[in-house]
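These notes concern the structure reproduced below.
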Amino acid sequence: MQDQLKPAARSAENVNKGHRQRLRDRYAHAGLGDLHDHEVLELLLYYALARGDTNRIAHHLMKRFGSLSAVLDADLGELQQVTGVGQQAAVLLSLMPALTRRYLHDRIKRDQPILNSARAVAEYVKPLLIGRRTEVFYLLCLDSRLRVIFPALVSRGTVKDAYVHPRKVVELALRHQSSSVILAHNHPSGHLQASAQDKALTQRLVQALGLIDIRVLDHIIVADDQSLSFAELGILPEFDSIS
């Protein structure tokens, strides 16, 4: 009986191998634009799962999470709950958004942009912030020509939970010899509005940095692919040396 099953197993393996190569060829010829979302997942899974029906796994992932972006944004534990997705495949899938952010930011950073407008700042920070599941806060340390010396990740968490401490921000600004700084954080909820906590934190940081003669030029909030500028809205606090 076992000997009778071997040819069938070999045949199924050959069919699967042929399907994988055809999908690779389609990508090589026309890029991702020629592939459905589940086929994009299937192609990725080839490089984590040497064998098995990755088409079936891709469909299970799409059914569980609802979209390609939701699959890639899922955490490792959630991904591994899908039948056929082990740790190796889960790590590969979850790596994609982080790798994309790193690539986009590195491409912009390579050109050493001058951040002299809210639009220029938004273009710089969006790759750092878009697609994150939690709130993160960045301090952009600038030189005298408004070029970024270093984009410092200050905290992960929420502003209202006081994860952003003025002392840490001051230390980072001094460490990188900043002439001025820009604040930036994201709203994972997609709600693009400066909260009372956002405004209060900005006030504290303007005051703390002003005491060491470092000016806060703007505070940018990113929600999905939109951004808000405190400076453009006229709500950026001024340093009050009397306070």
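The values are calculated or read from the model by the stated rules, or taken from the named source; none is laboratory data. Just so we're clear, the structure is a prediction, and the values are computed from it rather than from any experiment. Because the Cβ atoms are built from the backbone with ideal geometry, glycine has one as well, and the counts that use them run over all protein chains shown.
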Discussion item. Being more than 19 Å from the chain's Cα centre (by Cα), aliphatic (A, V, I, L, M), assigned by TED's automatic domain parsing to the domain that holds LEU140 and more than 20 Å from LEU23 (Cβ to Cβ): is that true of ALA118 here?
Written reply: yes
Practice prompt. Filter the stretch 33-54 for residues that are more than 23 Å from the chain's Cα centre (by Cα) and under 14 Å from ALA89 (Cβ atoms) and give the result.
Written response: TYR46, LEU49, ALA50, ARG51, GLY52, ASP53, THR54
Worksheet item: Which residue out of SER189, SER144, SER178 is out of contact with any Ser or Thr (no Cβ under 9 Å at 6 or more places or on another chain) and over 22 Å from PRO237 (Cβ atoms)?
Response: SER189
Practice prompt. Test GLU135 against the criterion of being surrounded by fewer than 18 Cβ atoms within 10 Å (Cβ to Cβ), among the charged types (D, E, K, R) and assigned by TED's automatic domain parsing to the domain that holds VAL222, and give yes or no.
Written response: no
Worksheet item: Is it the case that some residue within the stretch 204-223 is without any contact (Cβ under 8 Å) to a residue 12 or more places away in the chain and small (Gly, Ala, Ser)?
Response: no
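This table checks each residue for (1) in contact with a Ser or Thr (Cβ under 9 Å, 6 or more places away or on another chain); (2) modelled with pLDDT under 90.
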| site | (1), (2) |
| --- | --- |
| ARG51 | no, yes |
| HIS60 | yes, no |
| ALA74 | yes, yes |
| GLN87 | no, no |
| ARG102 | no, yes |
| LYS109 | no, yes |
| ALA120 | no, no |
